[in-house]
Every structure is written in C-alpha cells, then in structure tokens.
Amino acid sequence: MVLVQALRRLPIRARLTLAFAAAMALVLAATGAFVYLRMRSELNQTVDQGLRSRVADVTALARDSDPGVIESRRSPLTEQGESVAQVLTAGAAVFDATPRLRSHPLLTRRELPAALRGRIVVERDHVLGLDGKARLLAGPVHNEGSPLVAVVGASLDDRDEALGRLLLALVIGGPVALALASLAGYGVAAAALRPVEAMRREAAEVSITEPGRRLPVPPAADELGRLAETLNEMLSRQESAFARERTFVSDASHELRSPLSVLRTELEFALRRGRTEEELKAALRSAAEETDRLTQLAEDLLVLARSDQGELTLRTEEVAASELLARAGERYASRASGSGRAIRVEPDGELRVVADRPRLGQALANLVENALRHGRGDVLLAAEEQNGAVELHVRDEGGGFPASFLPSAFERFTRADPARSRGGAGLGLAIVTAIASAHGGEAAARNRPEGGADAWIRLPR
C-alpha cells in the first residue's frame, strides 16, 4: 500500500517510464531465457549428432563379438579427454570399453533395460576419462549372441563454455539494453506529454477577462486532441457564464439605480420647506411604491441567485392543477375587472401535479401579470395533458409577443420595450423559468394563430 501511494505521487512521465521499464524487463528476461534455452537445445543436438555417429560405429564393432577392439589405441572412435565408449551386457557387465572404463559401467541397472529397448540419452556430472559434465547416448546392439548395449559419451565442456559466454552476455547486455530502453521510454513519454505541458502553460495564462483565448489543439485526432477540445468547450461555457453574470450584475445595478433615484428624489422633495400636506402625501406614496418595487426586485434576484446555485428549496406536495389556476385567477380578478377584462379558468379533468404550491403560484402569478400588463382582452387559464406531462397555460387576446422578442422572452432583464424605465424589471418570465426548472419542467411561450400570446409551464405529471 505504501509503495502504491509512493508511485501515485510520482510525475506521470516517471510512472510511464517505470511501467515501460517493467514491461521491457519482462520482455528481455523472456527473450534471454528463450535464446539461452534455444542455444542449449541446438548445442545438445550437435553433441547428440556426434554421439549417434559414434554409437553406430561402436555398434558395428560390437557385432563382431571381439572384446578389446574399442580398447585398442588404434580405434578411431574416441579421443582422449573428449569422448568414451563402452559395450555392456544385459547383466550390466562391461563387455568392451575404452581405457580406464573396464570396471565402471556407464549405465545404472535402472537405465540398462531402457537402453536394451531403444536409444536413451542421459547426462552425468562426472564420467571417468572425461573432463567436466558428460552426455551419454546408449542403444541396443543386435547380434546373434547375447544382447548388448553400446554406450558412447562426450564431454560437455565446450557446450557449457558456450552457454556460459552467452549467459554472461545476457547478464551484462540485458541491464544495459534495459537502461537504454528506459531512457528512450522516458524521452517518448516526455515527447508525448509535451502537448499537455503546452496546454498547461496556456491554461495558466488564460484569463476570464480576455475572452476568445483557447488552448492549442494537437493536430492528431487522439486522446490529447479530444482533451484540448473538451477544455476549450469548457472555457467557452465559462466565458458564456461570466458574460451572463456580468450582464446580470450590470442589469441589476441599472434596475436598482432607477427606483433608488426616484426614492431619493421624492424624499428630497418632501424635505423641502413650504410643501403642502397633499404634496408630502404624494411624495411619500411615490416613495412607498418605489420601496415596494425595490423589495420585489430584491426577492426576484434572490430567487434567481438560489436557482443558479441549485439551492431553490422546494416543499412539494400533490396538488390539483385547477386549484393552482383558480388561486392565480382570484389574485388578479379585481385588477382585471378594473380594466374591463376578465380572468377565466377552464376545467382540467382533475389533473394533478407534485409541486411547491407557493413557488408554482408565484410563477403562474407572473404569467398572469404579464398577460394583464402587455395583453388585451380576457385572460384564459387552462391545464392540459400533453405526452404524459401537465401544461399550465395562460392565454390572452392581445397582439402577442414581438417576433424579435419571443426567442429571448424568458431571459433575464429582457423586455419587449427596452425604453420603458418604470414598471417591470424584465425578471418575471425569468422567475417562471427558474421555478419550472426547479420542478424538473420548463417554460415556453408562443403567439396564438387567432391572436394573442400563450405562455405555459410544463411539469411532469
């Protein structure tokens, strides 16, 4: 665990180099083992080839059943210190042999039966008459008399010497090759991570006050290229969010400045000497109106701020859509009748939604107020079911939304008449969108073909 934590704290290029070195060590070890074993097999085959040739000659001589032929110094079958030969009977007695082997059988009693059935190969750490290790080849001698076994042996000094030199080369060359490969791996890792370092340096210099600056995208369409594209998309989103926040602060400051200026003017007017009682009352009424406007604006800004932070608290319950619409209509009924208009609520077939009653009521109130302020004729409130969702509609009979304003109607501080200095701050429909989103729904609007505007809140049923 400690080792794993230590490795995780290493730079990524060091971890890549260690991983590459570990893989190369395994590859070099496997390759070295293969080469060593292959070389040993080839050398053994070479030794066995010579032994087969000599055992054939010994077998031919042994068929004459004339002991002493092999032992004769004139025999061309053996060389002093390099090879030996021997003929054994079925009882493990020495029938014939090279010098110094007349009393020492080369095969054990367990190996002799196998040699009588066919050729066998065995190795000995030491054989009298040979230097170092020896390799023996034994096979049956087919003659007319008693069965015999021909055994020839050769020293493995040359083989072991060649294998020793190969092993030394592997032991010395392997670590050198591993070190060189690790250095090459470190260079490759550094080259592969160079675009990341370039992106890091560029990202460190990117400032939100310098819009449009982006990270360099590598030409290859690989993981680094996709990372750079993703980071650039993130920067674009951050710039857009920063622009929205900057616009929000600027618009909020402008909206706050207007009522504060009016409030200050009215208070200064009331403080002047020689004001009549009626003039003082009018100034105080105007100041109270501006105070209400400031209070409403502060509440709207608080709702939007909480919505942006995902902290718009909802206390949901199951509620009938008709009840929500009826309360919204009752709230503005007197205001509508005062201007010669009416608010009608259509039956909804007992549609129900799970919602925060006060919050959703606030959203509907904003839609109704917008219809009364900017529309004409009666205001119709209706609930409809569309594709498994419930839509709460507020329709009027006016001229509808201006075509250029409709796409941005639900954005903050947007108004159909930008020159208007008194009245709404352009947050009503933005509040509707925030509350609808908090409920997992959405808000939308359109112009009715028969005339008038239709704005609605779509909620999951």
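The values are calculated or read from the model by the stated rules, or taken from the named source; none is laboratory data. What you see is a predicted model, and the numbers here were worked out from it, not measured in a lab. Because the Cβ atoms are built from the backbone with ideal geometry, glycine has one as well, and the counts that use them run over all protein chains shown.
Brief remarks follow.
- Qualifying residue in the range 425-443 (condition: surrounded by 21 or more Cβ atoms within 10 Å (Cβ to Cβ), within 19 Å of VAL345 (Cα to Cα), modelled with pLDDT of 90 or more and not assigned by TED's automatic domain parsing to the domain that holds THR291): no
- Of the residues VAL176, VAL188, the single one that is out of contact with any Cys (no Cβ under 6 Å at 6 or more places or on another chain), modelled with pLDDT of 90 or more, β-branched (Val, Ile, Thr) and not in a loop (DSSP other than H, G, I, E, B) is VAL176.
- Of the residues in the range 115-126, at least one is part of a helix (DSSP H, G or I), free of Cβ contacts under 8 Å to residues at least 24 places away in the same chain and within 29 Å of GLY50 (Cβ to Cβ).
- Of all residues in the range 302-341, those satisfying the criterion of being assigned to a loop (DSSP other than H, G, I, E, B), exposed (fewer than 13 other Cβ atoms within 10 Å of the Cβ) and not hydroxyl-bearing (Ser, Thr, Tyr) are GLN309, GLY310, GLU311, ARG315, GLY340.
- Only residues that are crowded, with 19+ Cβ neighbours inside 10 Å and within 21 Å of THR433 (Cβ to Cβ) were counted in the range 342-361, giving 6.
- Checking each residue in the range 33-52 for being aliphatic (A, V, I, L, M), within 56 Å of the chain's Cα centre (by Cα) and surrounded by 15 or more Cβ atoms within 10 Å (Cβ to Cβ) picks out MET39, LEU43.
- For the range 351-365, the criterion of being touching a residue at least 24 places away in the same chain (Cβ under 8 Å), in a strand (DSSP E or B) and closer than 16 Å to TRP456 by Cβ is met by at least one residue.
- Residue that is surrounded by the fewest Cβ atoms within 10 Å (Cβ to Cβ), among those in the range 122-172 that are touching a strand residue (DSSP E or B) at 6+ places or on another chain (Cβ under 6 Å) and of a type in the set (Val, Ile, Thr): VAL122
- Residue selected from the range 309-334 under the condition among the β-branched types (Val, Ile, Thr) and touching a strand residue (DSSP E or B) at 6+ places or on another chain (Cβ under 7 Å), by the criterion farthest from LEU372 (Cα to Cα): THR316
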